[in-house]
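The values are calculated or read from the model by the stated rules, or taken from the named source; none is laboratory data. Everything numeric here is computed off the predicted structure, so don't read it as measured data. Every residue, glycine as well, gets a Cβ built from its backbone with ideal geometry; the counts of neighbours run over all protein chains shown. Calculation scope for accessible area: heavy atoms of the full protein, side chains included, ligands and nucleic acids excluded. Shrake-Rupley method; radii C 1.70, N 1.55, O 1.52, S 1.80 Å.
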Amino acid sequence: QASARPRSRSRSATGSLAWTGARLRTAMETTAAAPSTAPTNMETTAAAPSEAPTAMEITAAAPSVAPTVIEAAPVPSAAELLEAACAAAWAKARASPDEPLSWTNVLSAAEKVGDLAQIREAYTELLRRYPLCYGFWSKLAKLEGERGDHDAALAVFERGVAAVGQSTELWCAYTAAFAAARPDDVDGARSLHERAVLASGGCAQGHPVWEALERFEHACAPADPVAVLAAQWRALGKPLREAEAVLARALALARASPAATVEAAWLSADERVAFESEMALVALGAARASASAAADAAAKEGAPAAAGEGE
């Protein structure tokens, strides 16, 4: 019996090992025969499509598109800018024709452009609305004269003095322009000066036209002051603000001229009386000044003598 027990345990162990080996072989065969349902990470990565392509891949795959070229707007020239500003000034002036500044802006813009036709039109519109602006008459006449058209310049002056005949500045500019344009027409120049003193020489500010007449007569006959004296005496009959200056020039010229010249310059008996009265006042003033000086000198000389007698 003792020998039978170990043999029984051996058979049992041998059967157990055989059973275990059979199960292992069956499991291995099952594993080898079954399809793989869980791929490895490497297989998944290799098989799966790339969901996020790289920038290089996108650039390579995209079709070639020509870039859009935006052309820059042409830059206007300085002349085009001036013309645009002039057109804008005209539009504004026509929209508000009763605004003087609008027309002066038009004139300024037209002068910058240099278009003579526009400049003339601007002056015409401005002076049609504001004819008393004598300075613009002179400027327009100067414009015509600078172009060499002296007849046109004198015509502008004629229109100007017809519109504002009291302007001594306009008359003086007119007479000067006439002398420059027609230097040989002495009678015409003298006639124009006479018109000037009649139109604007009777007011308090009328001395410029009288002075212009004096200069004209002196230029005509430098050695014969009769006409100059005559103009001065006529001027003294007006309520001029500069009457004292006119009188001083007249007296100085009369004293330096022969008596016959002075008498020839007098236009009437009243003017002769006025001149003689003025000369008498001058002589009386000089006599009084001389007597006063002599009295002062005598007083200074007598002061020391009186002091000595007192001692």
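Couple of notes before you dig in:
- In the range 93-120, residue farthest from residue 169 (Cα to Cα) [restricted to those that are open to solvent by 80 Å² or more (accessible area, probe 1.4 Å) and not small (Gly, Ala, Ser)]: 94
- All helices (runs of 4 or more DSSP H) inside the range 143-224 with 2 or more residues being open to solvent by 60 Å² or more (accessible area, probe 1.4 Å) and closer than 26 Å to residue 123 by Cβ: 150-163, 168-181
- When restricted to residues that are open to solvent by 40 Å² or more (accessible area, probe 1.4 Å) and closer than 21 Å to residue 180 by Cβ, the range 124-142 contains 4.
- Candidates 173, 163: the one that is under 27 Å from the mean Cα position of the chain (by Cα) and touching a residue at least 12 places away in the same chain (Cβ under 8 Å) is 173.
- Flag if residue 78 is open to solvent by 60 Å² or more (accessible area, probe 1.4 Å), under 18 Å from the mean Cα position of the chain (by Cα) and small (Gly, Ala, Ser): yes
- Taken over the range 226-247, the criterion of being open to solvent by 60 Å² or more (accessible area, probe 1.4 Å), farther than 17 Å from residue 261 by Cα and either assigned to a helix (DSSP H, G or I) or in contact with an Asp or Glu (Cβ under 6 Å, 6 or more places away or on another chain) (or both) is satisfied by 244 alone.
- Close pairs from the range 203-230: first among the polar types (S, T, N, Q), partner modelled with pLDDT of 90 or more and outside any helix (DSSP H, G or I), Cβ under 6 Å, at least 6 apart: none
- Test: residue in the range 104-116 that is closer than 30 Å to residue 189 by Cα and within 19 Å of the chain's Cα centre (by Cα): yes
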